[in-house]
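Heads up, the thing below is written out as structure tokens.
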Amino acid sequence: MKLLNLRQFTLAVVLTAAARPSYGAFQIVLDPGHGGTDHGAVHSNIKEAELVLKVASKLKVLLEKNPDIQVLMTRVQDRNIALPDRVKFAESHKADLFVSIHANAASDERAKGVEFFFQNNLPPDEESLFLASQENQAVIAANKEAHDDELSKKGDVAAIIEDLHRQNRMMSSLRLTQTLTHTWENDALASQATIKQAPFYVISKTSMPAVLIEVGFLTNPREAKRLLSADYQNDLAQKIYNALVSYKEKVDNSEAKTLN
Ligand SMILES: [Zn+2]
């Protein structure tokens, strides 16, 4: 038998252990962005915080009907929650998936469509950085120095494990965003569903696979009108639901393969 080197051995252990942090129901944390005094983007008589809570609540209703899924929300009311508390909430429940829901705004009112963000290790493009800085306003580099310090104190094995965890999580997050984009493929808005990467606080600090969905642009008059309609909100929730279920099936299938 060929001996595994440390990195391969660690990879095997991490992939087995990290595939599912919890057993039993698949736990999804929905995170409606903003809330309370933080309205998020406000355009065309729509407050982002209100809109995303509606979409998330509709999605929650769909997920609750699925016996294999347990759904939790970082907020169910219009109230302030700090970004670190959203992350802590997901971590404390050992969630399998973190889905943050937001709505977009742009200086160009022609900008439209759904966007999916996941955290990558590659340098994000400038536009994404700008958007991330808008969504991260509440935190801005808080505790960064302390975190860097803590990392430098860790040993090699810990660093490798952390690196592999990050890679595993990144690939899962990418798979999740691809599944989401796929769900939009047969839609009239297909060409407008894009995958981007940006260091949003909530998707970079959570340890489970995570995605941030921008459901549309409040600054685009046609899209804003559509986003206000309950039918379109239902449609958004249904599409996200379909993608999450499809992602869960992929995870279940790959786990079954690992175990056999
Ligand atoms: Zn937002």
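The table for this structure:
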read-out	value
Residues that are out of contact with any strand residue (DSSP E or B) (no Cβ under 6 Å at 6 or more places or on another chain) and within 16 Å of the ligand (Cβ to nearest atom), drawn from the range 86-104	VAL87
Hey, ARG20 at pLDDT below 95 and in contact with a helix residue (DSSP H, G or I) (Cβ under 8 Å, 6 or more places away or on another chain) or not	yes
Which listed residue is within 17 Å of the chain's Cα centre (by Cα) and at pLDDT below 95, from ASN168, ASN186, ASN253	ASN168
Residue among LEU51, LEU62, LEU72 that is touching a helix residue (DSSP H, G or I) at 6+ places or on another chain (Cβ under 9 Å), within 16 Å of the ligand (Cβ to nearest atom) and either at pLDDT 95 or above or more than 25 Å from PHE217 (Cα to Cα) (or both)	LEU51
Filter result (farther than 23 Å from VAL245 by Cβ and surrounded by fewer than 22 Cβ atoms within 10 Å (Cβ to Cβ)) within the range 84-104	PRO84, ASP85, LYS88, GLU91, SER92
Lone unmet requirement of (1) modelled with pLDDT of 95 or more; (2) of a type outside the set (S, T, N, Q); (3) within 16 Å of the ligand (Cβ to nearest atom) for GLU127	(1)
Counted residues, the range 73-83 - those being of a type in the set (Val, Ile, Thr) and surrounded by 15 or more Cβ atoms within 10 Å (Cβ to Cβ)	2
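The values are calculated or read from the model by the stated rules, or taken from the named source; none is laboratory data. Just so it is clear, the model here is predicted, and its values are computed rather than measured. Glycine gets a Cβ as well: all are built from the backbone with ideal geometry, and neighbour counts include every protein chain shown.
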